[in-house]
Amino acid sequence: MSQGPAAAERNHEGPPSIPDEYGTSIGARVTKNDDMSGAAADTTGAAGEWTGVAAGPAPRRRPPLPHIPHAGLLVVLVLIVVFAATQTDAFLTSTNLINVLRQVSVVAVIAAGLTLLMTAGGMDFSMGSNVSVTTAVAARIVSHGHSPWLAIVVAMALSIAIGLVNGLVVTYTSVAPFVATLAGATMLDGLALLIINGLSISIGTKLSWLGNGETFGLPHLLIVAVVVLVLTAFVMRYTSFGRDAFAIGGNEDVARLSGIRVSRDKLLLYALAGGLSGLAGIMLLSRLAASSPGTGGLTLQLTAVAAVVIGGTSLAGGKGSIPGTALGVVLLGVVANVLNLLQISSFYQQISVGAVLLVAAIANLLHRRRS
């Protein structure tokens, strides 16, 4: 069969011509796929030849930054340590550092329980007031000549009961945890004052083995705090109870539909938070050797909340870590110690602590976004 001039021209010069708009469409698709992935660009390479649009080299992407957990907090902590070391010789002494670790141990125990609770979407603002009641009851029992061990058992049982009541109110009523536990904190503060009658009750050296004792150079308070932190981290990471807490904090309704016993778990979480508050109260009483008005309370509670939040635990639930909380606790303790060593007025101390907390929180947030 004879071929016309147009057919001869097509056979000579290669592929047939196509409409401009079709070529533009394919070219746009090639360019888009090339931007999306290198594999997509390979599969559309033939179309690129037909339309005369060459798939350019894939854009070079910056390698992701190595992920260092809580790098923001670490940077702030290192800067503060370097500043303190250059400003005062007393900061890096072993005596001062051990004293700092002993002081932050009580906050660490409260913060551990609060981290687990907040991961599940809960909140307990009465933990500091629970500490006040615990110290008051234990001091009253010991001051009447009873065994310190009896005081510990009674105080722990009372603190767990307080946590359980908080859990019942939060779980079976529509009252928000913030409101319910803040109201409970107010009542507990008043109860603590009633127990000690507004006076300071000394227990002498009855619990000094815990508050001032050491093993291999490590304060007993620090050992207790480390054990609590490690156990809490283990529960959060390796047990179904810990994983359920993350699921409840992520979406409580979905967790319930997935078969998780949400109400039971929330009761256990609040009871556990109460029990750790009782343990922190015993630790604080052993260190101070007395229960006084103002022991524990809202100041201690806010310090624990700040440590947990700047450690990366979400107030909305579903996210939290014990290493971050531990770093937050140490950061707060170091800042307070440095300000005391520099003899800065207490008026400026609160401003400085707030500023450092804000910088640490922002630094941690920026690092997470870049990672």
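The values are calculated or read from the model by the stated rules, or taken from the named source; none is laboratory data. These numbers were taken from a predicted model, which means no experiment stands behind them. As a convention, Cβ positions derive from the backbone with ideal geometry for all residues, glycine included, and neighbour counts pool all protein chains shown.
Of note:
- Some residue of the stretch 198-208 being in contact (Cβ under 8 Å) with a residue 12 or more places away in the chain and closer than 21 Å to S126 by Cβ: yes
- Verdict on G297 being within 13 Å of the chain's Cα centre (by Cα) and at pLDDT below 90: no
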